[in-house]
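Every read-out reported here was derived from the displayed coordinates using simple, explicitly stated rules and does not represent laboratory data. Model, not experiment: these values are computed from the prediction. Ideal geometry is used to build each Cβ from the backbone, glycine not excepted, and the neighbour counts take in all protein chains shown.
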Amino acid sequence: MNVMPRHFAPLLLFLLLAVGACTGLKPLAPLDAARKTTVLEGCRRPFLPGKDRLVHALEMVTPGGAKGTAIGVLVADPRTRGFRTVLMTVEGFVLFDVEAGEALTLHRAVPPFDKPAFAEGLAEDIRLAFCAPGGDPTAWGAGEEGVPACRFERADGRMVEVLTFRDGVTVIRLYGTGQDLLKRVKITPAEGPGPAELVEIESGGWPSYTLRLRLLESEALGEDEGKSAED
């Protein structure tokens, strides 16, 4: 039988406590019940209120520091959580075209964007950044720095946390079923009304990446408009 040397035991205990302290969601501090409506409205404010066509300048940064740029056209309806998005070069060459409803439909993908995991990951990014979580929050209160926060539990067991900071910046975090942080979205609002000026998405999975979206133009659409992101 192997016996652990006694001088290693305190170190092991410290490491276990340190790991435990860095994982999981901390409880939210309670806020006055009279603030609930205001807090919940704030948690949903950064998301699209209706169907929109958005054009972004995109920059993707990989862990090695490599950067790629593209133009993204997105037509999204947060009420159905459906969307169609096209990524293209500045010259207009289409790199990737996907439509999401009940399932993902890939219309075009050139390497390296032709991997199924890329389409699935991009769909997760878009819905996380632009579509408000469905249903009522399972918890609300004060999060880090005392800012208002809401937590929404998804059907797949994952958790979405929305924090609204005093400078108008919103931070959205996606946690896995083991409460491990999967993705983080930072939304910087525009100076006036309308969609966010800057959206930054960080993925902690493999491969990890940072995606920055700077808004170039936007257009609110009616129910029958915007069926194609290429129109």
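Annotations for the structure displayed:
- For Lys67, a cut-off of 25 angstrom between C-alpha atoms picks up these lysines, skipping any fewer than 8 places away in its own chain: Lys115, Lys183, Lys186.
- Spin-label zone in the stretch 54-96 - amide nitrogen under 18 Å from a point set 7 Å from the Cα of Ala220 along the C-beta vector: 54-55, 75-80
- Electrostatic bookkeeping for Thr210 treats Lys and Arg as +1 and Asp and Glu as -1; over the other residues with beta carbon under 14 Å from its beta carbon, the sum is +2.
- Each Lys or Arg adds one and each Asp or Glu subtracts one; over the other residues with Cβ under 10 Å from the Cβ of Gly121, this totals -1.
- Cα centroids of the stretch 136-174 and the stretch 52-72: 25 Å apart.
- The stretch 33-220 - Kirkwood radius from inverse mean 1/r over Cα pairs (Å): 17.1
- Additional length obtainable on full extension of the chain from Ala66 to Arg166, 0.36 nm per residue less Cα span: 32.7 nm
- Neighbourhood charge, 14 Å Cβ-Cβ cut-off, centred on Arg154 and excluding it, Lys, Arg +1 and Asp, Glu -1: +1
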